[in-house]
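Asker: Take this structure first; my questions come after.
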Amino acid sequence: MAPARIEKSIETRLFINGKFQPSISGKTFNLTNPATREVIVEIHEADEEDTNAAVAAAKAAFPAWRDLEPCDRGVYLAKFSRLIHNSLDELAYLEAISTGKPVSAFIDGIAAESNFQHFAEAGYQVQGSSSLNTYNHLNITVKQPFGVVACIIPWNAPCIFFSNKVAPALAAGNTVVLKSSEKAPLTSICLARLAAEAGFPPGVLNIITGFGKPSGSTLSAHMDVRCISFTGSYSTGKKIQEAAAASNMKNVILELGGKSPAIIFPDADLEDAAAATQSSVQFLSGQMCMANSRIYVHESIADKFLALFKEKFGAARLGDPLDRTTTHGPQVDSIQYDRVKSYLEIGQRDGIMTLGGDAKDGFYIKPTVFENVPEDSRITKEEVFGPVVVINTFKTESEVISKANDTEFGLYASVFTKNIDRAIRVSKLLEAGTVGVNCTSPTTAKDMPFGGFKGSGIGREGYRISLENYVETKSILIRVSPE
Ligand code: NAD
């Protein structure tokens, strides 16, 4: 189908070795605006050959980039950050027309800008250590970049995941091939244009657009890729881990999905708890890994909490993502829309839908609440990735902890209470990489490690920790001749 509205000024090619170029095969794929269901543009599709070319360019660029002083690498990162700052509106627009993210919810550009700014100045934190603890030896431990790092990102916040990975990987002296999601390539291509303007040496940062297969799978199996940093679903994470082990045992960082619980105790500030939990599950129309998609409310306050929650959740403004008053956009595409709708059917079969449903327009799903759903229902257990929440009640602290932990995921959990002892007790027992006390996602702290327990991932990302993801540790023993 030909694009209904071609955005002529939008770059759609692959960025390899410092140049925009069409895919070698000439293949393209259509990108659809999820608010209107119209095809807006055709994107060049990287296949195996393009992906190999990107890795070869990154490999060739590595020695010179590695040998720069951190402050010299930082100059490029800082310039990139400034260029992102000047392009925030453009990035918000591209994200809105391609993924349906409301411009009012576009915090991604500023996050990317600050990530590059932070890591522009962080390169010297890549430090080793030394000791004289071995008889007649000086022991030196150094940290060195891997070489070529591959980054594979999802579609829900591409600028954030792009910068979470690319900024520390480059700061530590690696070169990078990033594959954007086929559902959200436009902002990554825009960032490629800004990288070209920032003047990164050719091959240091390569950005390709394409599908999981063959482009993503080529990266995860590539013998010249030494580290792969992935954010996306549990099932793809597994495939990447398998391909990494089967090829060259490359280092793997996995940030995966979630089914995050929020627990509301009777002494919580119910107004605050309702506001925080609705914002978590409604932000990005529920398309957020940390969304508290399960809420457990104490039976003694359930009616009051549910009334407050539903009033706030139901007040979301569905509409054109480019309209600044819109707070709730569509699901990203027909696949995601159909997937969420299939969970609505499961929820209606297993429980009671007390708010929401299919908006039957664009790819919109209304904010949706299910109550009285069994703990073993697929809608309680599996990640829906839509504006859908299951709210169940509990009687005791130990009962709710065991329900909250009864999941293969462990990304984020929240506890709402004014009792400090209970807050600490429960936080300790919740199986999650991040626990919010009287707060919930999307609140995270940039300087704290972020990542998952159990099936939610391997490794952590954050200002203080990410550089470590992109370096190898080498021990050098220097024998000292006796006098
Ligand atoms: P996805 O796993 O379908 O795709 C993610 C990326 O992997 C895409 O670029 C895709 O093309 C690529 N891919 C697909 N198959 C591949 C393969 N075989 N080999 C290599 N790459 C492959 O995920 P999605 O639908 O884009 O994103 C939603 C998921 O991401 C949700 O599960 C969500 O929870 C998770 N997520 C996690 C975090 C986090 O920080 N933990 C953040 C955002 C999203």
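None of the figures in this text is laboratory data; all of them are computed from the coordinates on show. What you see is a predicted model; the values in this text were computed from it and never measured. We place every Cβ from the backbone using ideal geometry, glycine too, and count neighbours over all the protein chains shown.
Asker: Charges only on Cβ, +1 for Lys and Arg, -1 for Asp and Glu: so what's the dipole of the chain about the Cα centre, in debye to the nearest 20? Let's see the in-between values first.
Answerer: On the way: 48 positive and 54 negative charges, 108 e Å.
Dipole of the chain, to the nearest 20 debye: 520 debye.
Asker: So which lysines pass the test for Lys403, namely a Cα distance under 17 Å, with those fewer than 8 places away in the same chain ruled out?
Answerer: The qualifying lysines are Lys259, Lys381, Lys395, Lys428, Lys454.
Asker: Return a whole-number percent for the relative contact order of the chain, with Cα pairs under 8 Å and 6 or more residues apart as the contact set.
Answerer: Working: 1127 pairs, mean separation 86.7, N = 483.
Once normalised by length, the contact order is 18 percent.
Asker: Among Ile107, Ile401, Ile240, Ile295, what is the fewest-to-most ranking by other Cβ atoms within 10 Å?
Answerer: Numbers: Ile107 15, Ile401 22, Ile240 25, Ile295 29.
Sorted ascending by nearby Cβ count, the order is Ile107, Ile401, Ile240, Ile295.
Asker: Normalised by the number of residues in the range 139-207, what is the relative contact order in percent for Cα pairs under 8 Å and 6+ residues apart?
Answerer: Working: 87 pairs, mean separation 24.2, N = 69.
Across the range 139-207, relative contact order equals 35 percent.
Asker: With +1 assigned to the C-beta of every Lys and Arg and -1 to the C-beta of every Asp and Glu, and no other charges, what is the dipole magnitude of the range 202-272 about the Cα centre in debye, to the nearest 20? Numbers along the way, then the final one.
Answerer: Details: 6 positive and 7 negative charges, 151 e Å.
With only Lys, Arg, Asp and Glu charged at Cβ, the dipole is about 720 debye.
Asker: Give the cross-link partners of Lys310 among the aspartates and glutamates, using a straight C-alpha distance below 14 Å as the criterion and excluding same-chain residues fewer than 8 apart.
Answerer: Straight-distance partners of Lys310: Glu271, Asp272, Glu371.
Asker: Could you list Thr277, Thr141 in order of exposure, starting from the residue whose Cβ has the fewest other Cβ atoms within 10 Å?
Answerer: Values: Thr277 27, Thr141 13.
So the ranking, lowest neighbour count to highest, is Thr141, Thr277.
Asker: Under 1.5 on a/c is rounded, so check that first for the range 170-217, then, if it is not, pick prolate when a/b is larger than b/c and oblate when it is not; a ≥ b ≥ c are the square roots of the alpha carbon gyration tensor eigenvalues.
Answerer: Numbers: a/c = 2.68, a/b = 1.48, b/c = 1.82.
Oblate, since a/c reaches 1.5 and b/c is not below a/b.
Asker: List, in the order given, every pair from Lys27/Lys239; Lys239/Lys341; Lys59/Lys183; Lys183/Lys474; Lys101/Lys143 whose Cα-Cα distance in the structure shown is over 32 Å.
Answerer: Values: Lys27/Lys239 25 Å; Lys239/Lys341 26 Å; Lys59/Lys183 27 Å; Lys183/Lys474 39 Å; Lys101/Lys143 39 Å.
Checking Cα-Cα distances, Lys183/Lys474; Lys101/Lys143 exceed 32 Å.
Asker: Follow-up. Within straight cross-link reach of Lys366, meaning Cα distance under 20 Å, which aspartates and glutamates are found once same-chain residues fewer than 8 apart are removed?
Answerer: Partners within reach: Glu311, Asp320, Asp323, Asp333, Asp338, Glu345, Asp350, Asp358, Glu382, Glu383.
Asker: Lys/Arg Cβ at +1, Asp/Glu Cβ at -1, dipole of the range 76-188 taken about the Cα centre: which of Asn164, Leu132, Val142 is farthest positive-ward?
Answerer: Leu132
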